[in-house]
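Inspection log for the structure reproduced underneath, given as structure tokens.
The values are calculated or read from the model by the stated rules, or taken from the named source; none is laboratory data. These figures come from a predicted structure and were not determined experimentally. Note: ideal-geometry Cβ built from the backbone for every residue, glycine included; neighbour counts use all protein chains shown. The area values use the complete protein model at the heavy-atom level, side chains included, leaving out ligands, DNA and RNA. Shrake-Rupley method; radii C 1.70, N 1.55, O 1.52, S 1.80 Å.
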Amino acid sequence: MPQVFTRRHEFLNYIKEQKRNRNSIGFVPTMGALHAGHAQLIKQSTSENNCTVVSIFVNPKQFGPTEDFAKYPRTFQNDVDLIESMGAQAVFSPTVEEMYPPLFATQVSVTGITEVLCGAYRPGHFNGVTTVVMLLMNLAQADKMYLGQKDFQQVQVIKKMVQDLVHSTSIIMVPTIREQDGLALSSRNRYLSEEARQIASAVPKSLAAAAKLFLQGENNIAKLTKASQQELSKFGLEPQYLEFRKVSDLTIKIDTNIQEETVLAIAQFIESNGSKVRLIDNVILDNNSTNKQSLEDLISRAFS
Ligand code: AMP
């Protein structure tokens, strides 16, 4: 069984002990409701470190007033079971009061890349993310922190924060784990009704359509956008955003031709049981062999 800590000071004592024993520490921050995507992050961490710590904290600061903080799925015992099965050593699962005591007054804020894509539609979201991640990183004092490509903008924002504030933890990005039909695993998928789940398959199809053309040598953004959008239209969907942006600087929109590593990122609302579920996903359009393989995997899932 992993050791479970709910109090900061107890968790810090545990980390100090790991440091004294010269154990390398891998850290996987999560909001719980764990699935095979999270498991992949934990797996990579346990294979690269002597001690893997997983945090479970549904962070109120990163939810907007109309978003799903209160109803976000909380499945603590299942989470601990999954963490145990992946061989992690410790779980940090604080309460909101433990993380943010009454006089907590600090905010960590990255400018620029937080203002595009999801940042343009979720004001304050990334400030909530960077504030909690910096706090968690300072507690975990990890050698490496593992983040999923599914939240690509989040990875880039955290990388920027770590670089600007010279934090010593290295950031490792882990590829997106997908369902049979290509849908990216997400804790929010459990909000989808059976019918909505079928419609959601348009999102990986839309990414796969652009990826397929790109692998055939098409670099024209208008053509790639059209192919991608068509897959959404078939299901009557209109994305919140569907954008091509420069991987190394997300503030730069690519709108004519792909000449450098580019990410195609999509946010799509899916109606389910009278509410709207917001899904995000992305692909990196680049011809290096590992990336090519993951694009081919997505294409075969989405169009099989
Ligand atoms: P969350 O619990 O949604 O905050 O996610 C915790 C971490 O798991 C983040 O770094 C996510 O990017 C990552 N993650 C979520 N879904 C996936 C997935 N399908 N594949 C890989 N990583 C994921």
Subject >> Cα-Cα over 22 Å, subset of K43/K246; K160/K223; K159/K246; K150/K292; K226/K246 >> reply: K43/K246; K160/K223
Subject >> Set of aspartates and glutamates with alpha-carbon distance to K16 below 16 Å, sequence-local pairs under 8 removed >> reply: D143
**OP:** Any chance you could list P(r) for the range 31-107, counting all Cα-Cα pairs in 5 angstrom bins from zero, rounded to whole %?
**Re:** 3, 14, 22, 20, 17, 13, 8, 2, 0
Original post:
Based on the Cα atoms of the chain, what semi-axes does the equivalent ellipsoid have, where each is the square root of 5 times one gyration tensor eigenvalue, given in whole Å with the largest first?
Top reply: 33, 21, 19
**OP:** Give the cross-link partners of K71 among the lysines, using a straight C-alpha distance below 16 Å as the criterion and excluding same-chain residues fewer than 8 apart.
**Re:** K61, K276
Original post:
Just the projected area, averaged over all directions, of the convex hull on the alpha carbon atoms of the range 187-302: how many nm²?
Top reply: 7.3 nm²
Original post:
So what is the relative contact order for the chain, in percent, with contacts set as C-alpha pairs under 8 Å and at least six apart?
Top reply: 17 percent
Original post:
Roughly how big is the range 78-205's charge dipole about its Cα centre, with Cβ charges of +1 (Lys, Arg) and -1 (Asp, Glu), in debye to the nearest 20?
Top reply: 420 debye
Original post:
Most fluctuating residue of K19, K234, K205 in a GNM of the chain with Cα springs under 10 Å: which is it?
Top reply: K234
Original post:
Per residue, how many Å² of accessible area does the range 210-278 show with a 1.4 Å probe?
Top reply: 52 Å²
**OP:** Note the direction-averaged projected area, equal to a quarter of the hull surface, for the Cα convex hull of the range 3-174, in nm².
**Re:** 9.6 nm²
Subject >> Within the chain: Cβ-based charge dipole about Cα centre, in debye rounded to nearest 20 (Lys, Arg +1; Asp, Glu -1) >> reply: 260 debye
